[in-house]
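Notes follow the structure.
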């Protein structure tokens, strides 16, 4: 099978991943039979895991491992979560193939959870810390959308900083029924707790204002 990551990109990723400080685990849920982009996602994650010893990769069948899928609130395939060095789920999830522009949000999540966390202002950190109710943030994207990774990264950052928050990328074309349910006509489209919505790569303050209104 031809490799998905070419030599030039592999060299760049090895350099980026060289800054990793802690172990992370990619847990991919797939299923037998019809599973659009499952093989591509498996191949990409497998190749990425080979680039640095801090990255581990495991594939699980969503039906045979239903309890574990439920633990991470995984209902779609392909879907994967990124676990930290303690094996904890920090609310970082990708539904669909993280290719195209979304490779940026994928790499960002890996670096953040491997000990290279970016900082937010004290004011923003305080607002995030006060969130005490379950919050789910879905960011609908397409792989050709240059503004989508920024929105995904903000959702993931919120999740990493508060255990009550879950941030997930949803590839709109792969999960067409879900996109239709939430009237996704442009991306990025952000859905919070299945009721509130934002459109575009909004600042993190906009996410917080919506969350605080729940």
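The values are calculated or read from the model by the stated rules, or taken from the named source; none is laboratory data. Here the structure is a predicted model, which means the values were calculated and not measured. We place every Cβ from the backbone using ideal geometry, glycine too, and count neighbours over all the protein chains shown.
Some notes on this structure:
- Residue match in the range 156-173 (condition: surrounded by fewer than 20 Cβ atoms within 10 Å (Cβ to Cβ), closer than 29 Å to residue 21 by Cβ and out of contact with any helix residue (DSSP H, G or I) (no Cβ under 7 Å at 6 or more places or on another chain)): yes
- Pair list, Cβ < 6 Å and 6+ apart or interchain, from the range 155-181 residues that are outside the structural domain of residue 82 (by TED's automatic domain parsing) and more than 30 Å from residue 122 (Cα to Cα) to residues that are modelled with pLDDT under 95 and not in a strand (DSSP E or B): 174/36
- Screening the range 155-167 for residues that are in a helix (DSSP H, G or I) and more than 19 Å from residue 184 (Cα to Cα) and picking the one that is nearest to the chain's Cα centre (by Cα) gives 156.
- Selection of the range 131-152 for residues being part of a loop (DSSP other than H, G, I, E, B) and in contact (Cβ under 8 Å) with a residue 60 or more places away in the chain yields 131, 133.
- Test: residue in the range 184-193 that is closer than 14 Å to residue 133 by Cβ and out of contact with any helix residue (DSSP H, G or I) (no Cβ under 6 Å at 6 or more places or on another chain): yes
- Residue within the range 47-68 that is touching a strand residue (DSSP E or B) at 6+ places or on another chain (Cβ under 8 Å), surrounded by fewer than 16 Cβ atoms within 10 Å (Cβ to Cβ) and closer than 19 Å to residue 19 by Cα present: yes
- The criterion of at least 3 residues that are under 22 Å from residue 175 (Cβ atoms) and either touching a helix residue (DSSP H, G or I) at 6+ places or on another chain (Cβ under 6 Å) or at pLDDT 95 or above (or both) is met, among helices (runs of 4 or more DSSP H) falling completely within the range 1-99, by 38-49, 66-71.
- Residue satisfying all of: in the range 79-129; free of Cβ contacts under 8 Å to residues at least 12 places away in the same chain and more than 16 Å from the chain's Cα centre (by Cα); nearest to residue 140 (Cα to Cα) among these: 119
- Selection within the range 133-150 - within 15 Å of residue 192 (Cα to Cα) and out of contact with any strand residue (DSSP E or B) (no Cβ under 7 Å at 6 or more places or on another chain): 133, 134
- Selection count, the range 182-214, where residues are part of a helix (DSSP H, G or I) and touching a residue at least 24 places away in the same chain (Cβ under 8 Å): 6
- Taken over the range 1-55, the residue count meeting the criterion of being under 19 Å from the mean Cα position of the chain (by Cα) and without any contact (Cβ under 8 Å) to a residue 24 or more places away in the chain is 3.
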